[in-house]
Amino acid sequence: MAMKINETLPSPQELKAEYPLSDELKEQKSTRDQEIRRVFEGKSDKFVVIIGPCSADNEDAVCEYVNRLSRVNEKVSEKLILIPRIYTNKPRTTGEGYKGMLHQPAPDKAPDLYAGIIAIRKMHLRAMKESGLTGADEMLYPENRSYLDDILSYEAIGARSVENQQHRLTASSMDIPVGMKNPTSGDLSVMLNSVVAAQHGHRFIYRNLDVTTEGNELAHAILRGGVDKYGTSIPNYHYEDCVRLLQLYEEKELKNPAAVIDVNHSNSNKAYKEQIRIVSEVLHSRRMNKGLKKLIKGVMVESYLIEGRQNISENMIYGKSITDPCIGWEDTEKLILNIAEEC
């Protein structure tokens with residue numbers, strides 16, 4: 001066989017029993033989920049800021065970041081909902097490179113998926129307990145989300161996964177907002193087809209089970225820019241792009257029309273400092289158009305303790321990204337406070 005079995009992993013039920021969500025944390029998540037849901041249902045005018053490291057590569061650094069975020073949240077909670085990015089799975093275009101904490105709990109060590117699923121659950125639980133905030137993650141592997149589905153308050157489906165049938169159908173089972181990114185081509189119709197699929201119920205195979213889902217009415221679009229056939233980044237956060245998305249939403253007659261703008265990736269061409277300017281432009285577009293103010297529910301920002309990025313080595317800088325470059329903490333705090341003032 002070309003596939004070798006390395007180890008049998010515990011089931012999600014077994015892992016949850018070993019690292020359970022306390023009654024206090026369950027109540028905390030329920031409260032947060034309802035607050036976030038109201039935004040995506042159009043019942044709350046609060047603005048969502050999904051913000052944090054490109055990849056959650058170190059538990060201590062991530063939790064320090066989330067704790068800092070919690071203190072800022074206290075200052076802006078009347079206008080904003082801060083959702084920390086705690087991304088434990090990373091897509092790799094060629095399959096090479098760091099694939100996230102689930103694969104490698106220690107970035108400079110060999111993959112260990114058994115230790116990885118334990119590490120990501122413990123990190124999310126610790127972040128919740130210490131900060132009072134519930135987080136977001138990317139659903140890179142649909143079968144793996146069951147290890148965290150009782151913890152997360154937001155999930156995103158990436159540009160490389162959004163056309164995949166299993167991702168779309170699994171999203172239809174969620175009871176939290178799930179953002180469907182436009183594919184790397186930038187094709188908005190592909191993204192909206194994914195939203196349609198996620199909002200409807202389906203019957204399919206999931207983790208060796210025959211399952212039926214009811215559909216997720218909180219599935220929505222994430223604009224993250226695209227690339228042309230020459231690999232040149234083409235942003236789609238501009239006013240005209242957002243108006244076009246609004247028109248497409250109206251044609252589809254989907255439930256709870258909503259969009260989040262990812263201000264990094266192809267929207268910034270990974271020029272991470274540009275995220276600050278792009279957020280300002282998005283907020284300006286919302287002020288200029290009542291339809292866009294209703295449609296655009298939030299932004300997604302890549303941020304960490306130390307700005308920039310670094311390669312994996314024996315002497316890595318604590319709190320600095322090892323994947324895409326991020327803005328640092330000083331810029332992060334200023335950005336959040338500015339968003340609160342402008343909303």
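The values are calculated or read from the model by the stated rules, or taken from the named source; none is laboratory data. No experiment lies behind these values; they were computed from the predicted model shown. Every residue, glycine as well, gets a Cβ built from its backbone with ideal geometry; the counts of neighbours run over all protein chains shown.
Counting only residues that are under 20 Å from PRO84 (Cα atoms) and not acidic (Asp, Glu), how many does segment 284-317 have?
Residues in segment 284-317 being under 20 Å from PRO84 (Cα atoms) and not acidic (Asp, Glu): 12 in total.
May I ask you to list the residues in segment 200-237 that are of a type in the set (Val, Ile, Thr) and touching a Gly at 6+ places or on another chain (Cβ under 6 Å)?
Hits for segment 200-237 are THR213, ILE222, ILE234.
Look at segment 1-45 and say how many of its residues are among the hydrophobic types (A, V, I, L, M, F, W, C) and under 21 Å from ILE118 (Cβ atoms).
Residues that pass the stated criteria total 6.
Does ASP228 count as in contact with a strand residue (DSSP E or B) (Cβ under 8 Å, 6 or more places away or on another chain), closer than 27 Å to GLU41 by Cβ and of a type in the set (D, E, K, R)?
no
Which of the residues belonging to segment 132-147 are assigned to a loop (DSSP other than H, G, I, E, B), touching a Pro at 6+ places or on another chain (Cβ under 7 Å) and either aliphatic (A, V, I, L, M) or within 20 Å of TYR206 (Cα to Cα) (or both)?
Listed by number, the residues that qualify are LEU133, LEU140.
Select from segment 175-189 the residues that are β-branched (Val, Ile, Thr) and assigned to a loop (DSSP other than H, G, I, E, B) and list them in ascending order. Write out each step before concluding.
Residues of segment 175-189 that are β-branched (Val, Ile, Thr), as a first pass: 176, 178, 184.
The answer is ILE176, THR184.
Whether any residue in segment 224-238 is under 20 Å from SER153 (Cα atoms) and either surrounded by 15 or more Cβ atoms within 10 Å (Cβ to Cβ) or at pLDDT below 95 (or both) is what I want to check.
For segment 224-238, residues under 20 Å from SER153 (Cα atoms) and either surrounded by 15 or more Cβ atoms within 10 Å (Cβ to Cβ) or at pLDDT below 95 (or both): absent.
Is there a residue in segment 162-170 that is assigned to a loop (DSSP other than H, G, I, E, B), among the β-branched types (Val, Ile, Thr) and free of Cβ contacts under 8 Å to residues at least 60 places away in the same chain?
Checking segment 162-170: at least one residue is assigned to a loop (DSSP other than H, G, I, E, B), among the β-branched types (Val, Ile, Thr) and free of Cβ contacts under 8 Å to residues at least 60 places away in the same chain.
Would you be able to say whether some residue in segment 110-131 is assigned to a loop (DSSP other than H, G, I, E, B) and crowded, with 21+ Cβ neighbours inside 10 Å?
Looking for residues that are assigned to a loop (DSSP other than H, G, I, E, B) and crowded, with 21+ Cβ neighbours inside 10 Å, one finds none in segment 110-131, hence no.
Would you say MET174 is within 19 Å of LYS29 (Cβ to Cβ) and surrounded by 21 or more Cβ atoms within 10 Å (Cβ to Cβ)?
When the stated conditions are applied, MET174 does not pass them.
Output the number of the condition that ARG126 fails; it satisfies all remaining conditions of (1) touching a Ser or Thr at 6+ places or on another chain (Cβ under 6 Å); (2) at pLDDT 95 or above.
Just one mismatch for ARG126, condition (1).
So which strands (runs of 3 or more DSSP E) are wholly in segment 250-342 and hold at least 3 residues that are in contact with a helix residue (DSSP H, G or I) (Cβ under 6 Å, 6 or more places away or on another chain), surrounded by 15 or more Cβ atoms within 10 Å (Cβ to Cβ) and not acidic (Asp, Glu)?
In segment 250-342, 296-302 are the strands (runs of 3 or more DSSP E) which contain 3 or more residues that are in contact with a helix residue (DSSP H, G or I) (Cβ under 6 Å, 6 or more places away or on another chain), surrounded by 15 or more Cβ atoms within 10 Å (Cβ to Cβ) and not acidic (Asp, Glu).
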